[in-house]
1. Which whole-Hz ³J(HN,Hα) couplings does region 165-170 yield from phi under the Karplus relation 6.51 cos²θ - 1.76 cosθ + 1.60, θ = phi - 60°, glycine and proline marked x?
2. Mind listing the phi-derived Karplus ³J(HN,Hα) values for region 317-325, rounded to whole Hz, using 6.51, -1.76 and 1.60 with θ = phi - 60°, and x for any glycine or proline?
3. Once you keep just the Cα pairs under 8 angstrom separated by 6 or more residues, what percentage relative contact order results for region 111-248?
4. From Cα pairs below 8 angstrom and at least 6 apart in sequence, can you work out the relative contact order of region 171-260, rounded to a whole percent?
5. To the nearest 0.05, what FRET efficiency results for Asn386 and Leu37 with a Förster distance of 35 Å applied to their C-beta separation?
6. Given H placed 1.01 Å from N in the peptide plane, which residues other than close sequence neighbours of Val340 have an amide H under 5 Å from its amide H?
7. Step through the table entries Lys281/Lys311; Lys32/Lys253; Lys83/Lys335, compare each Cα-Cα distance with 19 Å, and write down the pairs that go over it.
8. Out of the total accessible area of the chain (probe 1.4 Å, heavy atoms of protein only), what percent is carbon and sulfur?
Amino acid sequence: MDFSNIKNAFSGKSNSDLNRAYLLFKTINNPKISRILTGIVKICLNLRLPITPIIKQTVFKHFCGGTTIEDSQKTIDTLWEHKIGTILDYSAEGKKTEEDFNFVYEETIRTINKASSEKSIPFCVFKFTGLTNFKLLEKISSNKKLTNNELKEKENFESRVEKICESAAEKKVKIFIDAEESWIQNAIDDMTLNMMRKFNKKNCWIYNTIQMYRNDRLDYLSEILDICKKERFLVGLKIVRGAYHEKEIERSKKYGYKCPVHQTKKDTDNDFNKALKICIKNSTNLSICAGTHNEDSSLLLTKLMIKSGFKKNNEKFFFSQLLGMSDHISYNLSKDGYNVAKYVPYGPVKDVIPYLVRRAEENTSIAGQMGRELTNISREKKRRKNI
Ligand SMILES: Cc1cc2nc3c(=O)[nH]c(=O)nc-3n(C[C@H](O)[C@H](O)[C@H](O)COP(=O)(O)OP(=O)(O)OC[C@H]3O[C@@H](n4cnc5c(N)ncnc54)[C@H](O)[C@@H]3O)c2cc1C
């Protein structure tokens with residue numbers, strides 16, 4: 001497995017795609033410019049200035065599939081030409097009303113219907129915070145007594161989650177449930193485990209997500225393994241490092257509780273890789289997806305699969321990256337015969353902006369270093385110039 005094959009990595013990109021990506025990453029790679037631009041975007045949005053056309057032609061075009069499922073078809077087809085699947089991720093954030101939650105529910109059902117008829121869409125995905133109030137999940141997670149109104153809200157959102165999982169299982173579509181902040185995660189874990197109990201009896205349709213930056217997730221993994229073996233159901237897991245590291249540290253300091261996340265990257269990396277090893281050993285009971293842009297962890301999973309005698313395209317093992325990022329991992333894995341799928345965020349441009357700002361922040365250089373993406377794009381531009 002060779003992730004340095006840059007020709008494969010960018011085989012889905014035309015010269016103009018590559019030039020646009022270069023300009024984009026060159027801009028967001030500079031911390032000062034990136035901060036100023038994200039600041040301007042936020043101000044423009046507050047003032048309701050018409051900036052969505054500019055965003056749509058730049059960052060949105062690189063990181064998102066389209067504004068709707070239909071609008072994302074070209075991205076789905078282009079990825080599938082390289083045997084890379086799509087995970088349609090309706091990315092509208094900050095929704096707060098029952099009407100919004102019902103809309104997200106219906107949109108998720110639409111993605112399941114779409115996936116049920118297309119081989120190019122191996123998974124669907126949703127977030128609990130798209131289907132209910134953050135505060136309610138926080139209250140449930142800390143076992144606080146709910147008011148009558150909250151009990152009604154809980155019943156509504158549990159019904160939405162269950163109907164989504166039921167529809168996925170009925171239509172034979174695998175579905176990820178994203179992991180979120182640790183103080184709402186108990187509610188997500190408990191309900192997701194129940195969904196696995198109910199719908200993963202013979203096949204693994206429902207996948208939870210475990211964040212390996214948390215210092216209790218190896219214990220959690222062994223706990224759910226014990227449960228599923230005893231109760232005879234299958235567990236699906238997306239394994240990630242975790243997206244809320246700073247937020248977790250800040251909150252634990254603010255409220256004075258033991259920090260739930262590792263303090264060093266090395267500890268997170270170690271737990272991530274240990275989790276892969278445990279999952280390979282227990283693959284009779286588990287199916288996994290490594291959701292990572294980390295080359296070492298991706299390589300480790302390929303080696304573990306080969307060592308244990310699994311076929312590269314065994315349905316129990318998937319690799320996943322975000323659209324517009326780490327194509328050198330996705331395209332090279334897929335070319336070598338592994339199962340790969342990209343998260344393809346979509347939605348109205350203005351609703352997807354918080355997602356885009358996070359991508360910009362993530363790709364801003366640390367101490368002036370050139371980011372992973374920019375380095376690879378520069379190498380490919382040079383390679384094309386020299387042929
Ligand atoms: C397909 C896919 C799905 C995802 N789904 C989710 C999800 O459901 N929930 C979620 O929370 N995230 C999710 N993520 C994001 C993921 O958790 C990571 O934030 C992101 O992918 C970067 O980690 P990495 O493994 O790609 O690579 P790397 O760049 O090797 O790792 C960066 C990560 O390491 C950890 N880290 C960094 N510094 C430290 C430190 N000092 N101490 C301890 N740990 C540190 C952080 O988690 C950071 O994000 C997903 C990512 C992908 C690709």
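1. 5, 4, 5, 4, 5, 4
2. Calculated HN-Hα couplings, in order: 10, 10, 10, 9, 10, 8, 4, x, 9 Hz.
3. On the way: 186 pairs, mean separation 33.4, N = 138.
Once normalised by length, the contact order is 24 percent.
4. Numbers: 116 pairs, mean separation 28.1, N = 90.
Value for region 171-260: 31 percent.
5. Details: r = 32 Å, r/R0 = 0.92.
Here the calculated transfer efficiency is 0.60.
6. Gly85, Phe319
7. Lys32/Lys253
8. Values: 9830 of 18930 Å².
The value for the chain is 52 percent carbon and sulfur by accessible area.
The values are calculated or read from the model by the stated rules, or taken from the named source; none is laboratory data. Please read all numbers here as calculations on a predicted model, not as lab measurements. Please note: Cβ atoms are built from the backbone with ideal geometry, for glycine as well, and neighbour counts cover all protein chains shown. Protein only, heavy atoms only, side chains kept; ligands, DNA and RNA dropped before computing areas. Shrake-Rupley method; radii C 1.70, N 1.55, O 1.52, S 1.80 Å.
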